[in-house]
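Q: Below is a structure I'd like to ask you about.
The values are calculated or read from the model by the stated rules, or taken from the named source; none is laboratory data. Everything numeric here is computed off the predicted structure, so don't read it as measured data. Cβ placement follows ideal geometry from the backbone for every residue including glycine, while neighbour counts extend to all protein chains displayed. Calculation scope for accessible area: heavy atoms of the full protein, side chains included, ligands and nucleic acids excluded. Shrake-Rupley method; radii C 1.70, N 1.55, O 1.52, S 1.80 Å.
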Amino acid sequence: ADVVVGFVSIGVFDAERSMGEISMLAVDPDYQGGGIGTALTEFALDRLKDSGMKVAVVETGGDPGHAAARRTYEKAGLVLLPIARYFKNL
């Protein structure tokens with residue numbers, strides 16, 4: 001039987017600057033480490049490029065639980081920028 005083990009979602013991040021975004025990427029933990037995240041990332045980057053985007057953006061957590069995601073994005077050639085984003089509950 002066919003089973004869904006991951007998915008990716010993309011969109012426009014900043015149309016004026018031709019920036020696309022990988023807004024969500026997930027792989028079932030039982031299937032992580034087998035290249036599915038890399039394949040989904042490459043698929044998403046190809047679709048963004050095909051749609052006219054010149055830059056791709058993706059955000060993920062800096063905590064240990066997101067280490068695999070960071071490795072996947074770096075492997076795909078994305079570069080981590082030292083950005084500080086602050087939040088406050090109101």
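Q: Search region 59-76 for residues that are farther than 22 Å from Met19 by Cα and touching a residue at least 24 places away in the same chain (Cβ under 8 Å) and pair each with any residue that is open to solvent by less than 60 Å² (accessible area, probe 1.4 Å) and part of a helix (DSSP H, G or I) when their beta-carbon atoms are under 8 Å apart and the residues are at least 6 apart or on different chains.
A: Listed by first residue and then by second, the contacts come to Ala68/Gly37.
Q: Here are Val57, Val27, Val12, Val5: which of them is under 11 Å from the mean Cα position of the chain (by Cα) and not basic (Lys, Arg)?
A: Details: Val27 fails: under 11 Å from the mean Cα position of the chain (by Cα); Val12 fails: under 11 Å from the mean Cα position of the chain (by Cα); Val5 fails: under 11 Å from the mean Cα position of the chain (by Cα).
Val57 is the lone residue from the list that is under 11 Å from the mean Cα position of the chain (by Cα) and not basic (Lys, Arg).
Q: For a quick check of your reading of the model, give me the residue pairs whose first member lies in region 27-49 and is of a type in the set (A, V, I, L, M), whose second is assigned to a helix (DSSP H, G or I), with beta-carbon atoms closer than 7 Å and at least 6 apart or on different chains.
A: Listed by first residue and then by second, the contacts come to Val27/Ile36; Val27/Gly37.
Q: Ok, one more. Which of the residues spanning region 45-54 are of a type in the set (Lys, Arg) and within 15 Å of the chain's Cα centre (by Cα)? Even if it seems obvious, please write down each step before you answer.
A: Step one: of region 45-54, the residues of a type in the set (Lys, Arg) are 47, 49, 54.
Those that are of a type in the set (Lys, Arg) and within 15 Å of the chain's Cα centre (by Cα): Arg47, Lys49.
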